[in-house]
1. How much length, in nm to one decimal, is gained on full extension between Ser95 and Leu41, taken as 0.36 nm per residue of separation minus their Cα-Cα distance?
2. Calculate the spin-label point distance for Leu67 paired with Cys21, positioning each point 7 Å from the Cα along the beta-carbon direction, and give it in nanometres.
3. Go ahead and set up a Gaussian network model of the chain, Cα springs under 10 Å, then flag whichever of Ile99, Ile28, Ile50 fluctuates most.
4. Provide the convex hull volume over Cα atoms per residue for the chain, in Å³.
5. Pull up the cross-link candidates among the lysines for Lys46, meaning alpha carbon to alpha carbon under 23 Å and not fewer than 8 places away within one chain.
6. Per DSSP H run of at least 4 residues, take -39500 (n - 2.57); add these up for the chain, divide by its residues and hand me the 222 nm value, nearest 500 deg cm²/dmol.
7. Expressed as a whole percentage, what fraction of the accessible surface of the chain belongs to carbon and sulfur atoms when a 1.4 Å probe is rolled over the protein heavy atoms?
8. Looking at Gln80, Ala15, Gly119, which one has the Cα that reaches farthest to the positive end of the dipole of the chain (charges on Cβ: Lys, Arg +1; Asp, Glu -1)?
Amino acid sequence: YNLFSKFIDKALRKALEKQMCPLMAKSIADLNPRLKTLNVLAKVDKYAEIEYSMVSSPEISQPAMDLNLKGEFYNIGRHQEAPVPAPAFSLPAQSSNMIYIALSSYTPNSAGFVYKNAGV
């Protein structure tokens, strides 16, 4: 058994990947339109709320899953865009840690705009 275990493992893994990958891709494709319509708001305090809805479909690859979330602050009840543009950015490819979180300058800038408008 030990003599053939590597070959058996490799064959089983390939067979499972061949069947599972298309199934997962279809499931995610079916879910994407629903995920894009989620508008997620969370109250931060009495002045601000943050929207962290998805801005694009999840990107799933063999070693990782990338979720691109909005991360914009608003005054409660008034969704006024901050007067600074939201820069596009990406993270360098890395795989040594379990999770990576990145914020563009737009997130704290939108928070500053919200609190300035609230007089805080």
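1. Details: separation 54, 0.36 × 54 = 19.44 nm, distance 3.00 nm.
Contour length minus Cα-Cα distance gives 16.4 nm.
2. 2.5
3. Looking only at Ile99, Ile28, Ile50, the largest GNM fluctuation is found for Ile99.
4. Values: hull volume 17.8 nm³, N = 120.
Normalising the Cα hull of the chain by residue number yields 148 Å³.
5. The reachable lysines, counting only those whose Cα sits under 23 Å from Lys46, are Lys70, Lys116.
6. Working: 2 runs with 45 residues, N = 120.
Taking each H run of at least 4 residues, the total per residue is -13000 deg cm²/dmol.
7. Details: 5800 of 9530 Å².
Looking at the chain in its full context, I get 61 percent from C and S.
8. Sorting the options by dipole projection puts first Ala15.
The values are calculated or read from the model by the stated rules, or taken from the named source; none is laboratory data. This is a predicted model, so every value here is computed, not measured. Virtual Cβ from ideal backbone geometry, glycine too; neighbours counted across all protein chains shown. All accessible areas refer to the heavy atoms of the entire protein, side chains included, with ligands and DNA or RNA removed. Shrake-Rupley method; radii C 1.70, N 1.55, O 1.52, S 1.80 Å.
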